[in-house]
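Before any comments, here is the structure.
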Amino acid sequence: MIFLSASSQGKAVRTDIPPAVSIQDLSITYRTTFEKVPTLRSAIVRLGRGERAVRQIKAIQNLSFDVPVGTSLGIIGANGAGKSTLMRAVAGVLAPSSGRIEVRGRISSLLALGVGFNSKLTGRENVVLGGLAQGMSRSEVAERANQIAEFADIGEFMDMPLITYSSGMAARLAFSVGVHMDPDILMIDEALSAGDAAFRVKAAAKMEELMESARAMFLVSHSLGSVRDMCNDCVWLHKGKLMLRADPQTCIDAYTKFLEVGENAFTMEDM
């Protein structure tokens, strides 16, 4: 049994207009190959040649729900639950195997910090190219580049090739780019861990600011406290399936109970 409900804390959820994101019967299946270790008999028959087998991984299975405007949606679940796959599908990085995703608005995605950067270009050049790709004018991009440089606080490295950056500096720049693109829909996958303690405080403050103006926000995090504090709606995924949609505290309580008793002892009737 799947229990569906939602609550609003703080920002008003708009149900009188089309949802920011609509997910309809979404399924995503990966096909991967692995080398089968031959037995002694098959090794003799095939002269020791291994054989490759195809395995299908059902990352998302028949997922359907709407995300109304004004929703800050937390997505929780264990490793392999399908959280990041769902985010990448909504961001347009992954194509559905079946089903549909409708997105209304510009997405700024902090899924994998630094993805899309060219390591041979400077930080500023990467920012300019990214802004132009988002459809901004050259004047808008120039203004935004200065804001990003100030927020990232990487000094003269802004005009040096990314290959000279530390991993922390690259993450700070990528985070800064994502949050300065005026998104309608903000997608965050553990990006709040970027940088040192002082930068994380600044990043969290920027997230709160963006949540006020964004039409919707998706947050994937293993920090259940962040989901509880920053979200007004929540979904819990397990092995690609929707286990529960409810307010964050209800979802967190059910998920932590699941972790304590184990999958075999947990029944859907407990929901």
Which residues, counting only those in region 139-170, are under 16 Å from Leu129 (Cα atoms) and free of Cβ contacts under 8 Å to residues at least 12 places away in the same chain? Ser139, Glu140, Glu143, Asn146
Just checking, does region 196-212 include any residue being at pLDDT below 90, more than 18 Å from the chain's Cα centre (by Cα) and in a loop (DSSP other than H, G, I, E, B)? yes
Please work out which residue is surrounded by the fewest Cβ atoms within 10 Å (Cβ to Cβ), limiting yourself to region 150-170 and to residues that are part of a helix (DSSP H, G or I) and of a type in the set (Phe, Trp, Tyr). Phe151
Residues located in region 121-139, provided they are in a helix (DSSP H, G or I) and either of a type in the set (S, T, N, Q) or over 11 Å from His180 (Cβ atoms) (or both): Gly123, Arg124, Glu125, Asn126, Val128, Leu129, Leu132, Ala133, Arg138, Ser139
Matching residues, region 59-86, being in a loop (DSSP other than H, G, I, E, B) and buried (at least 19 other Cβ atoms within 10 Å of the Cβ): Pro68, Gly70, Gly77, Ala81, Gly82
For region 94-124, name all the residues that are of a type in the set (Val, Ile, Thr) and either surrounded by 15 or more Cβ atoms within 10 Å (Cβ to Cβ) or modelled with pLDDT of 90 or more (or both). Ile101, Val103, Ile107, Thr122
When you go through Leu173, Leu237, Leu129, Leu242 one by one, which is the residue that is crowded, with 17+ Cβ neighbours inside 10 Å, free of Cβ contacts under 8 Å to residues at least 60 places away in the same chain and out of contact with any Cys (no Cβ under 6 Å at 6 or more places or on another chain)? Leu173
Looking only at region 216-236, how many residues end up being small (Gly, Ala, Ser) and assigned to a strand (DSSP E or B)? 1
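The values are calculated or read from the model by the stated rules, or taken from the named source; none is laboratory data. Computed from a prediction, not measured in an experiment: that's the story for all the values here. Every residue, glycine among them, receives a Cβ derived from its backbone with ideal geometry; neighbour counts consider all protein chains shown.
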